[in-house]
Structures are given as C-alpha cells and as structure tokens.
Amino acid sequence: MTQTFTTKADSSDYGLLNHELRRLHSSETVNLQALAADAPAVLVVNTASHCGFTGQFEGLEALHQDYAPQGLKVIGFSSDSFNQEADSEAAAADTCYINFGVTFDMMATVPVRGANAHPLFAELARQSRAPRWNFNKYLINPAGEVVDVFGALTKPSSAKMREAIEALL
C-alpha cells in the first residue's frame, strides 16, 4: 500500500515516535521522537540478522550516508517476528555493525506484527500495513504520517525509494 503525500508538514513533532527504546546491544535508552526532532524524513525499518534480505543493511547504510546531511534519519529495529533474528543481541549487533558497517541508529529487538507488536509498529500498521517480512521500510514525514511503504523486495538503492525520500528532504 502506498500513501501519497504532496505537501511538507509545517511542524516537526513525530508524535508516533514518542517511545523510549534501548539501542541494540546497549544499556542506553533513547527517545525516538527526540532522535528525529529535526529530521524532514524518517525511514523506519524492521530488520533481521539471518534473512535473505540482510544484505539490505548495506543499502540502508548508503541511504544514511547519502541523505543524513540533508536530514534523513534511518532507524532500524531488530525483530524476531519472522524467526530470523540472531539468538543474542550481541550476534545481531555484530551483523549490523561489524559485517555491514551500520552507523545509523539500531534499536533492540521488538515484535513488529500481531497482537504483541510494539506500539510504534502497531501505529505504522494502522496507518499503512503491518510488515509482511523483514526489511519492510516505512517513510514518515514530520507530522508522523506514513508517506510510503516499501516491502522487502524494494532495495534501498531503488529509484522509487530515493525519489520518495528526496521529495521529503
């Protein structure tokens, strides 16, 4: 499901991101809303370490490197909702940080679909759709609205994804 957004929001509040979450394999807790406070666009992605799409970490990192200076905030959420996450956060962190050189924000493992979905993902599903698989990508505007959703088959390097991001920046 794709939602079209034609005008930029006047204020940046990202209310749907008002959640305290722990960073992946860390004791540090951050407020996602504060993380995204000045961003004209946020890309939320549910990830997994043992998935056929795990290579997308590389493309997500490239998006982060290319668009962070313009304000894009990429936030990854480790998830075992599809039974493909590493058994430990240390192993999941190794996949992200060592194997793929991820520098964008990664949060500790949360459920992303069903009755136990984290409230952020429940709201993303309400606005658009629940993740159908790992590496589902939600593009969110400063008003906290889902602007576009990209499934696992859409690579972060796709022209469609880059155009949608650039439209918000």
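Which trypsin sites (Lys or Arg not before Pro) does segment 4-110 hold that lie in a coil by DSSP with at most 14 other beta carbons within 10 Å? Walk me through the numbers on the way to the answer.
Numbers: sites: 8, 22, 23, 73; in loops: 8.
Listed in order of number, the matching sites are 8.
Gain on full extension, evaluated as 0.36 nm per residue between residue 27 and residue 158 minus their Cα-Cα distance, stands at 43.7 nm.
A Gaussian network model of the chain, with springs between Cα atoms under 10 Å, assigns the largest mean-square fluctuation among 30, 147, 112 to 30.
Dipole size of segment 15-168 about its Cα centre, with +1 on Lys/Arg Cβ and -1 on Asp/Glu Cβ: approximately 440 debye, rounded to the nearest 20.
Using a Förster distance of 35 angstrom, determine the FRET efficiency expected from the C-beta separation of residue 87 and residue 62, and round it to 0.05.
Using R0 = 35 Å, I get an efficiency of 0.80.
Counting only aspartates and glutamates at least 8 places from residue 137 when in the same chain, those with an alpha carbon closer than 18 Å to its own are 58, 61, 66, 80, 85, 105, 123, 145, 148, 163, 166.
For the chain, what is the percent of antiparallel DSSP beta bridges, rounded to the nearest 5? Can you show the working numbers first?
On the way: 12 of 22 bridges.
Percentage antiparallel, nearest 5: 55.
Short-range pairs are left out: with C-alpha atoms under 8 Å and at least six residues apart, the relative contact order of the chain is 31 percent.
We did not get these values from a lab; they are worked out from the coordinates using the rules stated. Everything quoted here is computed from the prediction, not taken from an experiment. Quick reminder, even Gly has a Cβ in these numbers, built from the backbone with ideal geometry, and neighbours come from all protein chains shown.
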